[in-house]
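Since the structure comes first, as structure tokens, the remarks are kept for the end.
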Amino acid sequence: MAVEMKLRCSQLGNKDMFSKSDPFLRISRLTESGKYVPICKTEDNPLLIECFNFNSNGNHVLIGQLHKSVSELEKLHKERSGANLVFPTHRGQEKVLKGQLFVDQFIGKEQFSFLDYISSGFELNFMVAVDFTVSNGIPQNQDSLHYIDPSGRLNSYQKAIIEAGEVIQFYDSDRRFPAWGFGGRYGGTLSHCFNLNGTNAYEVEGVQGIMAAYANALHTVTLAGPTLFGPVINTAAQLASQATSNDITKYFVLLIITDGVLTDIQETMDALVRASDLPLSILIVGVGNADFKQMEVLDADDGRRLESSTGRVATRDIVQFVPMREVHSKSCSTSPSF
């Protein structure tokens, strides 16, 4: 269960001598080791909620604090009552303050995993987005990641489309896949989410339809930049949201194939956090020899969920990053897992 709350404080003590205080809240949870770790949401363990006065030099001054569990915060919301902040003294005692904390909003959200969706009968819907930024190299050059070899040898983008698509397509009954490009000039206009098949319809027929649309786009799209993920993630999330609103039991998997470093890393994180409530997973395949440290951050395999610019934490980890070079170094026939 995830909980979304709006907290408010009143009658806080002033910590600035010549101006008003700039208070902010920090919420921490108690770990098994007995230490408090800052979080945005947690299980029903005691939460340490601290109110500080902001100082630009980083030496923030504690105004007051309190310990409350999630269920106790829910009770405050239901009763429309406030809880007094306290200030710890040197003797280990606490001074009760006039300032109070109120819970203006408390919304519980049930969390679902990928397996929850699939075991509930959700059908997979495969989507793909291809990077057309200039860092890939001009398609006519043999050292380009977009080079179409006359001998039939597949480039990295074609390999990623086939290896992921051929696995997922068997779980998608209509085998009609949304396919986009980003980072290129489409019809003379720079676009970060355009239909790969060059028409007003974003869907193509099967994996071969994606391959054909991709090959055709290389003749009609001018590579440009920068590399932005936000627009295409928002487009995929919109489709997933529409399906959910219409009670359509589909789980969406977006494959993003890219070679470069993101320019919109914070916007991408914001989009992923918003999408984390939806039946959507994102598989990012990195091609070429670029530094993919940003992608590893988005993957969040270190256990720390993504946080948006507003402080909201992702409901779940929906990103899996796979460097193509590592996949092929282990086995040329191994498909990326997600």
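The values are calculated or read from the model by the stated rules, or taken from the named source; none is laboratory data. Computed from a predicted model, the values in this text were never measured in an experiment. Note that each Cβ is placed from the backbone with ideal geometry, even for glycine, and that neighbours are counted across all protein chains shown. Surface accessibility is based on the protein's heavy atoms, side chains included, excluding ligands, DNA and RNA. Shrake-Rupley method; radii C 1.70, N 1.55, O 1.52, S 1.80 Å.
So here's what we get for this one:
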{"item": "Which listed residue, of Val261, Val287, Val253, Val221, is assigned by the TED database to the domain that holds Leu154, of a type in the set (A, V, I, L, M, F, W, C) and more than 21 Å from Ser144 (Cβ to Cβ)", "result": "Val253"}
{"item": "Flag if Gly311 is out of contact with any Cys (no Cβ under 8 Å at 6 or more places or on another chain) and either open to solvent by 20 Å² or more (accessible area, probe 1.4 Å) or at pLDDT below 90 (or both)", "result": "no"}
{"item": "Test result for Gly230, within 30 Å of Tyr147 (Cβ to Cβ), more than 15 Å from the chain's Cα centre (by Cα) and open to solvent by less than 70 Å² (accessible area, probe 1.4 Å)", "result": "no"}
{"item": "Residue in segment 210-223 that is modelled with pLDDT under 95 and in contact with a helix residue (DSSP H, G or I) (Cβ under 9 Å, 6 or more places away or on another chain) present", "result": "no"}
{"item": "Segment 54-94 - residue that is in a loop (DSSP other than H, G, I, E, B) and among the hydroxyl-bearing types (Ser, Thr, Tyr) and, of those, most open to solvent (accessible area, probe 1.4 Å)", "result": "Ser56"}
{"item": "Criterion (among the aromatic types (Phe, Trp, Tyr), assigned by the TED database to the domain that holds Phe321 and modelled with pLDDT under 95) met by exactly one of Tyr202, Tyr147, Tyr157", "result": "Tyr202"}
{"item": "Breaking point among (1) open to solvent by less than 60 Å² (accessible area, probe 1.4 Å); (2) at pLDDT below 85, for Cys51", "result": "(2)"}
{"item": "Gly165, sole failed condition from (1) of a type outside the set (Ser, Thr, Tyr); (2) out of contact with any Phe, Trp or Tyr (no Cβ under 8 Å at 6 or more places or on another chain); (3) under 18 Å from Leu196 (Cα atoms); (4) at pLDDT below 95", "result": "(2)"}
